[in-house]
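Okay, so here's the structure we're looking at.
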Amino acid sequence: MSDEHYLELCDNPVQFENASSVNNVFFDEANKQVFAVRSGGATGVVVKGPDDKNSVAFRMDDKGEVKCIKFSIGNKILAVQRTSKAVMFCQMNLQCVVLEVSCLCFVFRSLQTKNASVLGFCWTNWNEIVFITDQGIEFYQVFPDKRSVKLLKSQSINVNWYQYCPETAVILLSTTVQGNVLQPFAFRSGTMSKMSKFEIELPVVPKPAKLSLSERDIAMATIYGQLYVMYLKHHSRTANSPSAEVVLYHLPREGACKKSHVLKLNTTGKFALNIVDNLVVVHHQSSQTSLIFDIRLREPDCAVNTHQPVLPARSIHPYRIPLSGPTVVPSQPAVPCQLYSSSWSVFQPDIIISASEGYLWYLQVKLPPTVNLLQDKGKLMDFLLRRRDCKMVILSVCSQILEGGEKGSLPVVATVFDKLNQVYKEYLEAEQTYTLAMESGPSRGSAAQKRPVRTQAVIDQSDMYTHVLSAFTERKGVSHKFIIAVLMEYIRSLNQFQITVQHYLYELVIKTLVQHNLFYMLHQFLQYHVLSDSKPLVRATPQPRLSTANDEIVEVLLSKQQVLGALRFIRSVGGHDNVSARKFLDAAQQTGDQMLFYTVFRFFQQRNQRLRGNPAFNPGEHCEEHVVHFKQLFGEQALMKPATV
Amino acid sequence: YEVSAAGVCCAGISVPRMATGMQEKQYTPSLLSFFIYNPSFGPREGEEEKKILFYHPCDVEKNEKIRNVGLCEAIVQFTRTFCPTKPAKSLHTQKNRQFFFEPEDNFWIVMVVRNPMIEKPNKDGKPPTIEYQEEEILDTVYGAVLRQCYSMYKLFNGTFGRAMEAGGVELLTQKLEKFFYRYLQTLHLQSCDLLDVFGGISFFPLDKMTYLKIQSFVNRVEESLSLVKYTAFLYNDQLIWSGLEQDDMRILYKYLTTSLFPRHSEPELAGRDSPLRPEVAGNLLHYGRFLTGPANLKDPEAKFRFPKIFVNKEDSYEELHLIVYKAMSAAACFMISASVELTREFCEQLDSLVGPQLTLLASDICEQFNINRRISGPDKEPQFKFIYFNHMNLAEKSTIHMRKTASVSLTSVHPDLMKILGDINCDFARVDEDEEIIVKAMTDYWVVGKKSDQRELYVILNQKNANLIEVNEEVKRLCATQFNNIFFLD
């Protein structure tokens, strides 16, 4: 059985000093930085980001235990929180000269929220910061040079806890006693806007009311470009829900938040959520497995917004902590890493941190194992076409279904081709709209058109030809019937989506038909113009205009060095008396195959004999150089002499 | 080969031609006799009868049969001295014309056709004068009819040689008797014309997408019913796809369109309560039915026997079951190796697989066809009629001929014009080069023949006062508008 682990931890994790009594570790979701703070910063703070550019090390005075530490966007300003009442700012280029602004800040606010304690803060820009206190939310601009802050906006509201989605700069506040009324705020360059609040349906309403929605059960992430609030709804014996589920609330920029999808987990226990490549990944700790959901994949047997896992549950691919690294002695063997450890922390969208081991991994989806786990090829294609690095996997699936050659695979082949071409067509159309818009000049009023992005899911004809069809037609042991059926199916699909078929596909069909002497089929295809639109081919040839489809076929075959095929073809349509011998002899000579040249030469000598009673070529045929070449190869005596009567 | 009830015609049909004065009677060409012989079967004197394998009419006296066969033998032998490689093809006499054909070594088929004639009554009780019109019939037309007879025999029986191998002369004569007895009754010599020379195939005009859908259908059926070796697809009695080779398809097409299809009326056009209306099978409504084999699959007595046909395969032949399955106007022919016994299960499987798909496809084609017709404008009666034929793919198209039936093929133009078409065709056959012939007929019609590459086009124009230049222009215009997707080399 091949590898079935479709999830893996990345090969190049971010390593940091593991958490200990003297080393505190913090993670900033906005900049994806890990802070290792030794002895309150006195013996150093090491910041590791996703790449080296974001990694810094510095020292700061130990003024008590650090509760939270974050850089503003671009590492411009560092904010450190040590108490529930104060946050200090410092600027990196000042070599960590500490700037205590926390007092100022809260003096300013003290009139209204005297006893507020800071739950946390989030940077929304290089100098804009949001404080979330238990009594409200406050949005400031920080001026490090002036050592001052300016309140931009604030809102009083009782807050239980908050979540921040840095991608969309949306902060979600849990309010009310039960905590299930969520109030989102959106931030954008100096503005704070309140979005419409919404209520999470709790499985059981507690009496008396108490905080029932934990921040651990709520996560925010963008899936397919839309912001969702994910709620992990645990199973409850009283509420008649046999297993846990994830409920997705779609949070649009404007308008009301709506419950949009339900992901069925079919089990109970402790879960954690990630988003990878627009898939919702649900980790289940007790079984040490993960499930994936694709909210765009429609379930035929479920209501539209209810989803079952795409694939059976599998664990993340076993991971061995690599030998190299600052903390590992070279002679030590790689240590298997304990997956689904209780010391893991999971962050959105795709981050898993093991503070005790000092690793930050990005979770990744491996596509090849999904191929064997998802039997329904149509569904598999729907799934693969929405993934980022899908191209080679899709092409290998195409090759695989053609290889199988099982009975009834043609309808599957057709479905797969249609799905590929649907995406291909959408891209071509977007590209065309863009080109037209560019040609007509930038029109006022309409926003500047963005060039459409070509994702890996766009599998064009050249991809199919190079990676799938060309090899498929060459493969031994495949019936030519099946080869032609597959090629025609692809051409049909392209036509169905009104995509212009490239000439090399026609050439492939023609070549296959000629190889099996299926000239009559070829004629029928030409007759219905199935193969006739190969304009580039006609233009590419030096002749002014190819008069008939037959000439075109001969050109194709000659260009493919199928000289004998071309001769057989032209003879099958009775045109061999009129064709130009020179064209064929040129092609035969070019192949460098002496026997081929001999055969073709003799063929035309015999034709001349039959037509004119003399094997020699007429001067008008311009075959002198070929006669010379023939004599050089085979000698004068090999030439056919005129029959003496 | 089965014959429809309407199709019996042996003697010439008399047509009163002139209403004024004396009644003149015209007789069309008719079949006098048809026989098959092999000179090597009775080389010695007194054994001549053994040479004769089939003779029509059968009631001819034995000695006369022997005499006629001997005469043919002598003519062929005599003419061979002039050109050993090309034996005589026909013999013209005042009263009739004989056609000779040697399809297999030493096997000769001879057809004797009586020339058309006019009977002019005389006054005073004198016997009427008979005027034979010996130049009115064309060698090319009847030569082609004779070859077609053999091809049709071969399609259903294989070669003469095959019957000889299997059961000697006795089996061969049985087979010939069985086949030609009925087949000859369906020959309508009076309505044979240029189309018989071409022996072409009418192709259904179709857009590329619908054509590709049909391809897809054929490929899928052949994949899931792997017994099926070849498939042909027709709509409205016109061919769309043939998996058979061209020559085999040509004769199969002839059989389907002139014999099998006309015998089966369209039950789907029948009224709701008509017994012909197909039953609804389960929830799945489809109009599929077998034209060969079982008439009703549900009948417990149903027989699963299909006609067998012989097609060429490289140097030998291949024997196949012929399953013709039809839904509305779409017909699919599935050919399966005769060595396989076809069962009820197979037929049921085919019915359930093909029936729904073919029904859907038939309505798709119909819809597409109507759209195309709407685009090309309303049906106006054009000012011209034409026959088109392409030697390369055997494609033929005629607006001169009405719908062909089993009994008779009707033309909408005068036989004289048809004769001119035939003559032009003979001229074309003599040379290889492209040619154009324009004829002003006696009856104010212009007849234009055009030969370009492998294609031939014959146009009949009714423009009384036009001159040669105008006619030429008109035909050029027609080619541009009506045949714009067909290349003409100019």
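A few notes on this one:
- Overall, region A:549-638 carries a charge dipole of about 320 debye about its Cα centre when +1 sits on the Cβ of Lys and Arg and -1 on the Cβ of Asp and Glu, all other atoms neutral.
- Set of lysines with alpha-carbon distance to A:Lys70 below 30 Å, sequence-local pairs under 8 removed: A:Lys32, A:Lys48, A:Lys53, A:Lys85, A:Lys114, A:Lys146, A:Lys150, A:Lys153, A:Lys194, A:Lys197, A:Lys270
- Charge sum, other residues only, whose C-beta stays under 14 Å from A:Phe417's C-beta, Lys/Arg counted +1 and Asp/Glu -1: +1
- Peptide B:203-213 is shielded by partner chain Cβ atoms: per residue, an average of 4 of them sit within 10 Å of its Cβ.
- Where labels lie 7 Å past Cα in the beta-carbon direction, separation of A:Gln561 and B:Glu165 in nm: 4.2
- Only one residue of A:Leu248, A:Met60, A:Leu367 has its Cα farthest out toward the positive end of the dipole of chain A, where Lys and Arg carry +1 and Asp and Glu -1 on Cβ, and that residue is A:Leu248.
- For region A:549-638: rounded, prolate or oblate by the Cα gyration tensor [a/c cutoff 1.5]: oblate
- The overall shape of chain B is oblate: from the C-alpha gyration tensor, with semi-axes ordered a ≥ b ≥ c, the ratio a/c is 1.5 or greater and a/b is no larger than b/c.
- Relative exposure of B:Leu234, A:Leu232, judged by other C-beta atoms within 10 Å (fewest first): A:Leu232, B:Leu234
- For region A:494-523 versus region A:569-645, the gap between their alpha-carbon centres in whole angstrom: 30
- Take every pair of alpha-carbon atoms less than 8 Å apart whose residues are at least six positions apart; their mean separation over the length of chain A yields a relative contact order of 7 percent.
- The mean number of Cβ atoms from other chains found within 10 Å of a Cβ in peptide A:486-494 is 3, as a whole number.
- The charge dipole of the protein assembly as shown, taken about its Cα centre with unit charges on the Cβ of Lys, Arg, Asp and Glu (plus for the first two, minus for the last two), comes to roughly 3280 debye.
- Net charge over other residues, Cβ less than 13 angstrom from the Cβ of B:Asp444 (K, R count +1; D, E count -1): +1
- If you wrap the tightest convex hull around every Cα atom of chain A and split its volume per residue, you get 252 Å³.
- Nonlocal amide H pairs with A:Thr289, under 5 Å, H built at 1.01 Å: A:His284
- Hydrodynamic radius by Kirkwood, which averages 1/r over all alpha carbon pairs of region B:25-192, in angstrom: 17.2
- Within-13-Å neighbourhood charge of A:Thr289 [Cβ basis; K, R +1; D, E -1]: +1
- Estimated FRET transfer efficiency (A:Asn372, B:Asp432; beta-carbon r; R0 60 Å; 0.05): 0.45
- Per residue, the average separation of C-alpha pairs within less than 8 Å and at least 6 apart gives region B:313-377 a relative contact order of 28 percent.
- Among the listed pairs B:Lys154/B:Lys178; A:Lys511/A:Lys583; B:Lys51/B:Lys175; A:Lys210/A:Lys233; B:Lys50/B:Lys308, those beyond 21 Å (Cα-Cα): B:Lys50/B:Lys308
- With the gyration tensor restricted to C-alpha atoms of the protein assembly as shown, the semi-axes of the equivalent ellipsoid amount to 86, 33, 29 Å, longest first.
- Cβ neighbours within 10 Å from other chains - mean over B:387-399: 2
- Other-chain or far-sequence residues with amide H under 5 Å of A:Cys337's (modelled H): A:Tyr319, A:Arg320, A:Ile321
- Taking region B:25-192 and dividing mean pair separation by its residue count, relative contact order in percent (alpha carbons under 8 Å, at least six apart): 25
- Sequence of B:Thr481, B:Thr186 once ranked by neighbouring C-beta atoms within 10 Å, starting from the fewest: B:Thr481, B:Thr186
- Area projected by the alpha carbon convex hull of region B:280-400, averaged over all directions, nm²: 11.5
- Listed residue pairs exceeding 27 Å between alpha carbons, taken from A:Lys476/A:Lys560; B:Lys65/B:Lys123; A:Lys425/A:Lys560; B:Lys254/B:Lys451: B:Lys65/B:Lys123; A:Lys425/A:Lys560
Read the figures in this text as sums done on the coordinates, not as results from a lab. Quantities reported herein were computed from a predicted structural model and do not represent experimental measurements. Quick reminder, even Gly has a Cβ in these numbers, built from the backbone with ideal geometry, and neighbours come from all protein chains shown.
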